[in-house]
Amino acid sequence: MEDLSRYYTLLRDPARRKIIEILGVQEKIGFKELREALGLGVGTVYYHLDMLSDFIKQDKQRKYMLNDRGHTLYKILKEGNVPATLEISEAFSHRVAKWLFLSPVFAKTVKPMRLMPLSIAILLLGALGSANARLDSALFFFFPYSVYSFSSTMALYVFNWIGLFLFAELFIYLLYQHVGNDLQLFTCVGLASFPMAVFTYIYLFISDIFSQYFLFVLQIWSLLLVSAAFCFGKGIRLDKAIVVSLTAMYLNIAILFMLGRFA
C-alpha cells in the first residue's frame, strides 16, 4: 500500500474507521442500514463516504462495499499495523486544523436544533454590530457610512447569509447532486458567519486602516468556516466544499464590481 501518512486523515476518524470495519465484516450494506449502525446524520454519513471514495464502491443495488484498496485498508486496521509514529507526527497539525475549521462545533450540528439558537444568535449579533457601526454588509465585505436605517442595515446583514445558504443549496445540488439536510446546512452557515460578526465590533474601536488588516484575516477564516459548513451541512468533501465557497466569494466580488462598490 502507498505511504500510510497519505491516509492519516481517513484513519484518525473513528466514524470512518467504523465504516471500513462494517464493510469489511458485512461485505456490502445499504445507506440506511449504514447510517443506523453509525448513529449519525445523513449529511455527516455522506461526508465520510465521500472522504472514503477511493476505498469503496457501489453495486447495481447502490449498496456500499470495499474495493481492492478498501480491503487492504481494512486488513491494516484489523491487524493493527498503523504505525504509532503516524499519530505523533500528525497530532499537532490535526489539533490546529480541527480548531481552525471549528470541526468539534460543526460536528454537533448532526442534531441541528441543538445549535440553531446559537447560529441565529451569531447572525443577529453580527446584524446588530453592523448597524451600530453603520457598515453596509456584502457577505464577506463591509462598506462604511451606511445610508440605510438601523433596521434595514440589520436586515441586509442577515439576508446576505441567508442568500449564501440558498446559493449553497442550489450550487451543491447542481454540482454534486447532494440534497436534504437543510436545517443542518442553515445552522452551519450561521455558525460560519462568526468571524464577520466579530469584525463589526472590532471596527467600532480601531481606525479604518487597521480595520482592513483585521478584515482580511477574518475573511480568510470565514472562508474556511464556510467551507467546513458545506462539508458538514451537505456531506461533501473539503476540496469540493472549497470550490463552492470560492465560487461564492468570486460571485460576491463580481457583483460588487458591477454595483460600483469597488470603483
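The values are calculated or read from the model by the stated rules, or taken from the named source; none is laboratory data. If you're wondering where the values come from, they're calculated on a predicted model, not measured in any experiment. We place every Cβ from the backbone using ideal geometry, glycine too, and count neighbours over all the protein chains shown.
Between S207, S245, S227, S222, which is over 12 Å from the mean Cα position of the chain (by Cα) and either polar (S, T, N, Q) or not assigned by TED's automatic domain parsing to the domain that holds K108 (or both)?
Answer to the check: S207.
Being closer than 20 Å to A248 by Cα and in contact with a strand residue (DSSP E or B) (Cβ under 9 Å, 6 or more places away or on another chain), is that true of even one residue in region 116-125?
Looking for residues that are closer than 20 Å to A248 by Cα and in contact with a strand residue (DSSP E or B) (Cβ under 9 Å, 6 or more places away or on another chain), one finds none in region 116-125, hence no.
Which is over 27 Å from A107 (Cα atoms) and not polar (S, T, N, Q), of F194, F214, F159?
F214
May I ask you to list the residues in region 214-241 that are not small (G, A, S) and not in a helix (DSSP H, G or I)? Give the steps one after another, and end with the answer.
The first filter runs over region 214-241 and keeps only residues not small (G, A, S), leaving 214-221, 223-226, 230-232, 234, 236-240.
The answer is I236, R237.
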